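Colleague: Attaching a single structure in structure tokens format; questions to follow.
The values are calculated or read from the model by the stated rules, or taken from the named source; none is laboratory data. Everything quoted here is computed from the prediction, not taken from an experiment. Cβ atoms come from the backbone with ideal geometry, glycine included; neighbour counts cover every protein chain shown. Heavy atoms of the whole protein, side chains included, go into the accessibility calculation; ligands, DNA and RNA do not. Shrake-Rupley method; radii C 1.70, N 1.55, O 1.52, S 1.80 Å.
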Amino acid sequence: MKKVSWMKSSLLCLLLLQLFLLGDCSLKTEETRNNPRKINGHVPASSPQLQLRIQDKYVVMDNGLLQVTLSKPGGFMTNITYKGSANLLEHRNAEDSRAYWDIVWRTPTTGNGSGKGTFGKTRGQNFKVILQKPEQIEVSFTITWNSAIGNRAVPLNMDIRYVMLPGRSGFYSYAIYEHLQGWPGFTLEETRIAFKLSQDLFHYMAVSDQRQRIMPTLADRTNGQPLAYPEAVKLTNPSNPEFKGEVDDKYQYSCDSKDSKVHGWISSKPAIGFWVITPSGESGIAGPVKHDLTSHVGPISLAIFISDHYSGEDLRVKFSNGEPWKKVFGPVYMYLNSASDGQHATTQLWDDAKKQMATEVQNWPYSFPASADFLSLDKRGNVSGQLFIQDRFLPKQKIPAASAYLGLAAPGNAGSWQTENKGYQFWTKANPDGTFSINGVRPGNYNLYAWAPGFIGDYKSEANITITPGSKLNLGSLTYEPPRQGPTLWEIGVPDRTAAEFFVPGPDPNYINELYLTTPNNINKLSLTDANSNGKSSAPVDTFRQYGLWERYAELYPKDDLVYTIGTSDYKKNWFFAHVVRKINNNEYKPATWRIVFKLDNAASNSNGTYMLRIALASASNAELQVRFNNLNLARPHFTTGSVGKDNAIARHGIHGLYWLYNIQIRNEWLIRGQNTIYLTQSRHISPFQGIMYDYIRLEGPSTSS
């Protein structure tokens, strides 16, 4: 009996031990389940649990570091606080005018020409909690179009999302726009997120390493002297006397999309940075060189997805009646950081913001957005290959397309990507050996496009490319043959799609922005030879962004227009960066005709082929370029572009807009043995802002293979 009892006791102990071990395993398993999962490759730092507080008129997202208050159901950002700060938004503004998504649109009946479209803030109609978990909060504010409203509202369904993650000193926002089949047509001109920050706190703005400074105030602008257009103001009585006499214009701080991944403002007391980070340009339009606004006086920061800035009507998104369309914009990341107050705080905050931007870029496409319309990496594809340049008139026949820009965009003609605006685009920059990899591509049909600095024209793949979830396409070796007929006889400029290499004059001393001065003492220099030292600008950055440079042309050439002599002139010193009209009276202008003088040893009529003049334009603003050979008095030019361009880059301190390439075959009788002259006339002259910027000009001789 004792033996049996002992056995029973042993069995009971073993059973209890097994249950204990199972229980311990169970506890460990449950503990593992409750551990924070990785978000975008990072385990969230220890922080209070995410909180979502839903009130009658507001929704508050809170992760212990950051609190974001949203109006309900409108979805406007009314209050942002960081580490116990005061409201970082401008609290004196109405609640719907502090931070918001907005849109500019017009119906077909309002026309596509002059006049402004209808501006509206995206005011939500319904609020919904999408996710409320320890690792993520996501909320939605939706707008549903009602046909009974008709033209009083933009015919779109809109879903505006906000996302907060634990341990992160920032929040995300993205949106889904949809135009359903059967709905009326309209034109979408602009959509963006706007942040109007506290005027009491934020005074230092940073757009890039070189383009950052303490800025004037909104009151300084309001009290200033309006200039040639509303955005440009001369500061006559600023609160900070150091700004007196300067010009402020929001377009002076524009950037290409490839260079505009982080920008924002810094408060000195407390030392807090507010940054808009755009990790991907896939939901934007017009590729990596679309120029647009960033941050500017207000203090204001923007995340722009669609606009016609620096491009004109070509970038307005036009929907026909019944055309179905859906697109996800963003997410973008609003990042906040802090530093100890001190003289190095601005540098520390800017450097940290750049590091955070790099992290966001590396983590794209994000894994966390809850909308099925935003696709995570496993639902996307990849395209790789190697691009070469082949030009039979260069010593090396096959050149790796180092630094070429390659992108996938909707099928179209070569170069059509720069005006494509309804789909998604995916771009990368080639390695020194021409290899490239385009990652995170949404499923769909695309063409591969490319252009390479140093070569004219656009490349387009012959075959359409179809991306499916998880696909990895290696296109192998690809070859781009730039336009070429014969050997280069002479060239002006560098084919890089900008006019940056040409002569930019010093600004009028009455209209300066100190940020873009070479030195404080050089503003009176107008000499064609003094402004550039050894052919290289000594300015820190972007001297072309000074106000009023279009008027400097007439001062440099008071009687006769520009003459450029091949073999003698230097385009860095002797080719004005913009071919503008000449001002003759207060409101009168006349065309400017530039001359290119060159010699031909042999008469063109003696050759077996024809000459070719290639003119690449970096910008055109309501212009017409007329080309004549050796006879300026011809009633009809040998070649004309016709009316071209509406990018307004001259007025908006840009160095490029859309790219245009013209290939002009020269008939033999147009040229002569000896000295020849090409006359370039920009014939339209109603406004001072009409004109063109050249990218590159090349004269080719007859083909040696003829």
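Colleague: Here's a check for you: in the range 410-443, which residue that is of a type in the set (A, V, I, L, M, F, W, C) and touching a strand residue (DSSP E or B) at 6+ places or on another chain (Cβ under 6 Å) is farthest from Lys379 (Cα to Cα)? Spell out the reasoning first.
Modeller: From the range 410-443, those of a type in the set (A, V, I, L, M, F, W, C) are 410, 414, 417, 426-427, 430, 436, 438, 441; that's our starting set.
Narrowing further to those that are touching a strand residue (DSSP E or B) at 6+ places or on another chain (Cβ under 6 Å): 414, 417, 426-427, 430, 436, 438, 441.
Details: Ala414: 28, Trp417: 24, Phe426: 15, Trp427: 18, Ala430: 24, Phe436: 21, Ile438: 15, Val441: 9 Å.
Filtering the range 410-443 for residues that are of a type in the set (A, V, I, L, M, F, W, C) and touching a strand residue (DSSP E or B) at 6+ places or on another chain (Cβ under 6 Å), the one farthest from Lys379 (Cα to Cα) comes out as Ala414.
Colleague: From the list Asn146, Asn157, Asn151, pick out the single residue that is more than 22 Å from Asp62 (Cβ to Cβ), touching a helix residue (DSSP H, G or I) at 6+ places or on another chain (Cβ under 8 Å) and either open to solvent by 10 Å² or more (accessible area, probe 1.4 Å) or of a type in the set (Asp, Glu) (or both).
Modeller: From the options Asn146, Asn157, Asn151, the qualifying one is Asn151.
Colleague: For the range 131-143, which residues satisfy the criterion of being more than 30 Å from Glu323 (Cβ to Cβ), open to solvent by 10 Å² or more (accessible area, probe 1.4 Å) and outside any loop (DSSP other than H, G, I, E, B)?
Modeller: Answer for the range 131-143, where residues must be more than 30 Å from Glu323 (Cβ to Cβ), open to solvent by 10 Å² or more (accessible area, probe 1.4 Å) and outside any loop (DSSP other than H, G, I, E, B): Leu131, Gln132, Lys133.
Colleague: Could you list, ordered by first residue, the pairs with Cβ atoms under 9 Å in which the first is in the range 328-351 and among the acidic types (Asp, Glu) and the second is open to solvent by less than 50 Å² (accessible area, probe 1.4 Å), at least 6 apart or interchain?
Modeller: If the second residue must be open to solvent by less than 50 Å² (accessible area, probe 1.4 Å), the pairs left are Asp341/Ala271.
Colleague: Tell me which strands (runs of 3 or more DSSP E) are completely within the range 642-706 and hold 1 or more residues being of a type in the set (Gly, Ala, Ser) and out of contact with any Cys (no Cβ under 8 Å at 6 or more places or on another chain), or say none if there are none. Step through it out loud before you land on a result.
Modeller: Details: elements: 644-646, 660-666, 674-682, 691-700.
The qualifying strands (runs of 3 or more DSSP E) are 644-646, 674-682, 691-700.
Colleague: If Trp660 satisfies all but one of (1) at pLDDT 95 or above; (2) more than 13 Å from Ser619 (Cβ to Cβ), what's the number of the condition it fails?
Modeller: Failed condition: (2).
Colleague: Further question on the same structure: Collect the residues in the range 568-582 that are at pLDDT 95 or above and assigned to a strand (DSSP E or B), keeping them in residue-number order.
Modeller: Phe576, His579, Val580 - these are the residues of the range 568-582 that are at pLDDT 95 or above and assigned to a strand (DSSP E or B).
Colleague: Do any strands (runs of 3 or more DSSP E) entirely within the range 169-235 hold 1 or more residues that are within 26 Å of His291 (Cβ to Cβ), charged (D, E, K, R) and over 18 Å from the mean Cα position of the chain (by Cα), and if so, which? Give the derivation first.
Modeller: On the way: elements: 170-179, 186-196, 202-206, 212-214.
Counting at least 1 such residues, we get 186-196, 212-214.
Colleague: So, one more: Looking for something assigned to a loop (DSSP other than H, G, I, E, B), free of Cβ contacts under 8 Å to residues at least 24 places away in the same chain, open to solvent by 30 Å² or more (accessible area, probe 1.4 Å) and aliphatic (A, V, I, L, M) - is there at least one such residue anywhere in the range 617-637?
Modeller: Scanning the range 617-637 turns up at least one residue that is assigned to a loop (DSSP other than H, G, I, E, B), free of Cβ contacts under 8 Å to residues at least 24 places away in the same chain, open to solvent by 30 Å² or more (accessible area, probe 1.4 Å) and aliphatic (A, V, I, L, M).
Colleague: Please verify whether the range 365-381 includes one or more residues that are open to solvent by 30 Å² or more (accessible area, probe 1.4 Å), of a type outside the set (Lys, Arg) and closer than 19 Å to Gly287 by Cα.
Modeller: no
Colleague: Here is a follow-up. Which strands (runs of 3 or more DSSP E) sit wholly inside the range 388-441 and have at least 2 residues that are open to solvent by less than 30 Å² (accessible area, probe 1.4 Å)?
Modeller: On the way: elements: 398-400, 405-409, 426-429, 435-441.
It comes to 405-409, 435-441.
Colleague: Here is a further query. Can you tell me how many residues within the range 214-244 are surrounded by fewer than 16 Cβ atoms within 10 Å (Cβ to Cβ) and basic (Lys, Arg)?
Modeller: Of the residues in the range 214-244, 1 are surrounded by fewer than 16 Cβ atoms within 10 Å (Cβ to Cβ) and basic (Lys, Arg).
Colleague: Additional query: Could you grab me the full set of residues in the range 194-213 that are open to solvent by 40 Å² or more (accessible area, probe 1.4 Å) and in contact with a strand residue (DSSP E or B) (Cβ under 8 Å, 6 or more places away or on another chain)? First the steps, then the outcome.
Modeller: Kept after step one, since they are open to solvent by 40 Å² or more (accessible area, probe 1.4 Å), are these residues of the range 194-213: 196, 199-200, 203-204, 209-210.
Across the range 194-213, the qualifying residues are Lys196, His203, Tyr204.
Colleague: Is the range 252-264 home to any residue that is touching a Phe, Trp or Tyr at 6+ places or on another chain (Cβ under 9 Å), part of a loop (DSSP other than H, G, I, E, B), open to solvent by less than 10 Å² (accessible area, probe 1.4 Å) and among the polar types (S, T, N, Q)?
Modeller: yes
Colleague: Evaluate the range 652-668: report whether one residue or more is farther than 18 Å from Val597 by Cβ, open to solvent by 30 Å² or more (accessible area, probe 1.4 Å), touching a residue at least 12 places away in the same chain (Cβ under 8 Å) and among the small types (Gly, Ala, Ser). So that I can check it myself, show each step before the final result.
Modeller: Start the filter on the range 652-668 by keeping residues that are farther than 18 Å from Val597 by Cβ, which leaves 652-663, 665, 667-668.
This time we only want the ones that are open to solvent by 30 Å² or more (accessible area, probe 1.4 Å), so: 652, 660-663, 665, 667-668.
When the remaining residues are screened for being touching a residue at least 12 places away in the same chain (Cβ under 8 Å), the result is 652, 660-663, 665, 667-668.
Subset that is among the small types (Gly, Ala, Ser): none.
No, that holds for no residue.
Colleague: Out of everything in the range 473-489 that is in a loop (DSSP other than H, G, I, E, B) and open to solvent by 30 Å² or more (accessible area, probe 1.4 Å), what residue ends up being nearest to Tyr446 (Cα to Cα)?
Modeller: Let us first name the residues in the range 473-489 that are in a loop (DSSP other than H, G, I, E, B), namely 481-487.
Imposing the further condition that a residue be open to solvent by 30 Å² or more (accessible area, probe 1.4 Å) reduces the set to 481, 483-485, 487.
Numbers: Glu481: 21, Pro483: 23, Arg484: 27, Gln485: 30, Pro487: 34 Å.
Here the answer is Glu481.
Colleague: Okay, moving on. Would you confirm, using the coordinates I've provided, whether Arg595 is open to solvent by less than 40 Å² (accessible area, probe 1.4 Å) and among the charged types (D, E, K, R)?
Modeller: Working: open to solvent by less than 40 Å² (accessible area, probe 1.4 Å): no; among the charged types (D, E, K, R): yes.
It is false that Arg595 is open to solvent by less than 40 Å² (accessible area, probe 1.4 Å) and among the charged types (D, E, K, R).
Colleague: Any residue at all in the range 194-203 that is modelled with pLDDT of 95 or more, touching a helix residue (DSSP H, G or I) at 6+ places or on another chain (Cβ under 7 Å) and under 25 Å from Gly284 (Cα atoms)?
Modeller: Of the residues in the range 194-203, the ones modelled with pLDDT of 95 or more are 194-203.
From what's left, touching a helix residue (DSSP H, G or I) at 6+ places or on another chain (Cβ under 7 Å): 196, 199.
Subsequent filtering for residues that are under 25 Å from Gly284 (Cα atoms) retains 196.
Within the range 194-203, one or more residues are modelled with pLDDT of 95 or more, touching a helix residue (DSSP H, G or I) at 6+ places or on another chain (Cβ under 7 Å) and under 25 Å from Gly284 (Cα atoms).
Colleague: Oh, and also: Would you please name the residue that is modelled with the lowest pLDDT, looking only at residues in the range 46-96 that are open to solvent by 20 Å² or more (accessible area, probe 1.4 Å) and of a type in the set (Gly, Ala, Ser)?
Modeller: Among residues in the range 46-96 that are open to solvent by 20 Å² or more (accessible area, probe 1.4 Å) and of a type in the set (Gly, Ala, Ser), the one modelled with the lowest pLDDT is Ser46.
Colleague: Also, quick follow-up: Could you please find all residues in the range 310-355 being surrounded by fewer than 16 Cβ atoms within 10 Å (Cβ to Cβ) and of a type in the set (Gly, Ala, Ser)?
Modeller: If the condition is that a residue be surrounded by fewer than 16 Cβ atoms within 10 Å (Cβ to Cβ) and of a type in the set (Gly, Ala, Ser), then Ser320, Gly322, Ser340, Gly342 are the ones that fit.
Colleague: Just to be sure before I move on: is Val289 outside any loop (DSSP other than H, G, I, E, B), touching a strand residue (DSSP E or B) at 6+ places or on another chain (Cβ under 8 Å), at pLDDT 95 or above and among the β-branched types (Val, Ile, Thr) in the structure I sent? First the steps, then the outcome.
Modeller: On the way: outside any loop (DSSP other than H, G, I, E, B): no; touching a strand residue (DSSP E or B) at 6+ places or on another chain (Cβ under 8 Å): yes; at pLDDT 95 or above: yes; among the β-branched types (Val, Ile, Thr): yes.
Judged against the criteria, Val289 is not a match.
Colleague: What's the number of the condition Gly609 fails, among (1) surrounded by fewer than 22 Cβ atoms within 10 Å (Cβ to Cβ); (2) at pLDDT 95 or above; (3) in a loop (DSSP other than H, G, I, E, B); (4) small (Gly, Ala, Ser)?
Modeller: (2)
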